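Step one of this worksheet: look at the structure below.
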Amino acid sequence: MFNSLNMIISRVCGFFFKNLCYLSSKINVSSSAQFRGVPLLELHSGAKLSLGGNVLINSSNYGYHINMHSRTKIVLHKGANLTIGENSRLHGVSFHSRSEIIVGSRVLMAAGTIVIDNNGHSSVAENRLSEVDKARPIYIGDDVWLAANVVVTPGSYIGNNVIVSANSVVKGHLESNFIYAGNPAVAVKKLR
């Protein structure tokens, strides 16, 4: 009974959250997009969030196969854009953008994944607490699977049909059709 109650609460909260999204000019949500639980959204002036058809934004641990330590969090600063392609599933993912993050179609992102297009602070010591570094857009192609706790750094490009192993750090350009692992992530196997 307790499990059924958790599932019902998660889906009902997601349903009401989705309907609230329709009221915002900053959010473009496909009618077939789904929310499980309620994500944390911080959308600043001129920011835009676009979710394609059948996108799942999961912020609920119920029914998810690994432990999700926090719900999905999306922070889009002034003028930033986040676009998520159709049939993608995101579970407890954190996005932080000051420019643009594009996520393709049929993308899987596991719990703990962080996608951030800026470092959040200046690399110059005396400016570290008062300035932010320059943001660099991120592109994630179609049919990509980012396993648990992957970090995607500013300016990264991930091609199509890519798997990035758990706890890896993406920095730079990942070619299509490979499995990547490590810090920084390097190709370990060619995919067919």
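Points worth noting:
- Seen from a random direction on average, the alpha-carbon convex hull of the chain projects onto 11.4 square nanometres.
- Kirkwood Rh (inverse of mean 1/r, distinct Cα pairs), the stretch 37-106, angstrom: 12.4
- R0 of 45 Å, Cβ-Cβ distance Lys190-Glu126: FRET efficiency to nearest 0.05: 0.45
- Lys/Arg +1, Asp/Glu -1 at C-beta; the chain dipole; positive extreme among Gly155, Val115, Ser31: Ser31
- Charged side chains reduced to their Cβ positions (Lys and Arg at +1, Asp and Glu at -1) give the stretch 120-192 a dipole of some 240 debye around its Cα centre.
- The helix-only estimate of mean residue ellipticity at 222 nm for the chain, built from DSSP H runs of length n ≥ 4 each weighted as -39500 (n - 2.57), is -3500 deg cm²/dmol after division by the residue total.
- Span per principal axis, largest first, for the Cα atoms of the stretch 75-172 (Å): 42, 27, 22
- Within the listed set Ser24, Ser123, Ser70, the residue fluctuating most in the Gaussian network model of the chain (springs between alpha-carbon atoms under 10 angstrom) is Ser123.
- Ranked Ile57, Ile163, criterion: other C-beta atoms within 10 Å, fewest first: Ile163, Ile57
- Net charge dipole size for the chain [Lys, Arg +1 and Asp, Glu -1 on Cβ; Debye, nearest 20]: 280
- Where Cα atoms sit under 21 Å apart: lysine pairs in the chain separated by 8 or more or lying on different chains: 13
Every read-out reported here was derived from the displayed coordinates using simple, explicitly stated rules and does not represent laboratory data. Quantities reported herein were computed from a predicted structural model and do not represent experimental measurements. Cβ sites come from the backbone with ideal geometry, for glycine too, and all protein chains shown count toward neighbours.
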